[in-house]
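Have a look at the structure below before the remarks.
None of the figures in this text is laboratory data; all of them are computed from the coordinates on show. Predicted, not measured: the structure shown is a model, and the values here were computed from it. Note: ideal-geometry Cβ built from the backbone for every residue, glycine included; neighbour counts use all protein chains shown.
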Amino acid sequence: HLGASLFNLAGQAVIVPWGLLLALALAGCVLWYVAEANRSTAAVVLCAVTMSLVSFIGSQPGLLPGGGVLVTGTLRSVAWLFGPMIIAAVL
């Protein structure tokens, strides 16, 4: 896997998706910055809706050329799809 490391923890293989973790952290930082810089709920909602729409469009197979980039068959891909949406909802 690109952007992932494999560790052996207590005899069990653990895959750590660094790219996913960094992307979710970046999404959280962007939303936090927008919330702190603007002090406006509308700006945060607009940013959150934009992130959610981009995640949704990226997960639709055949909607756009190159669509279906996010495959929802694994837990990591589901975390990538819903992670920014959950962060947006919390902030």
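A few comments on the model shown:
- Full extension of the chain segment joining Tyr33 with Val49 gains 4.2 nm, where the gain is 0.36 nm per residue of separation less the Cα-Cα distance.
- With the simple spin-label model, which puts each label point 7 Å out from Cα in the Cβ direction, the Ala23 to Ala10 separation comes to 2.9 nm.
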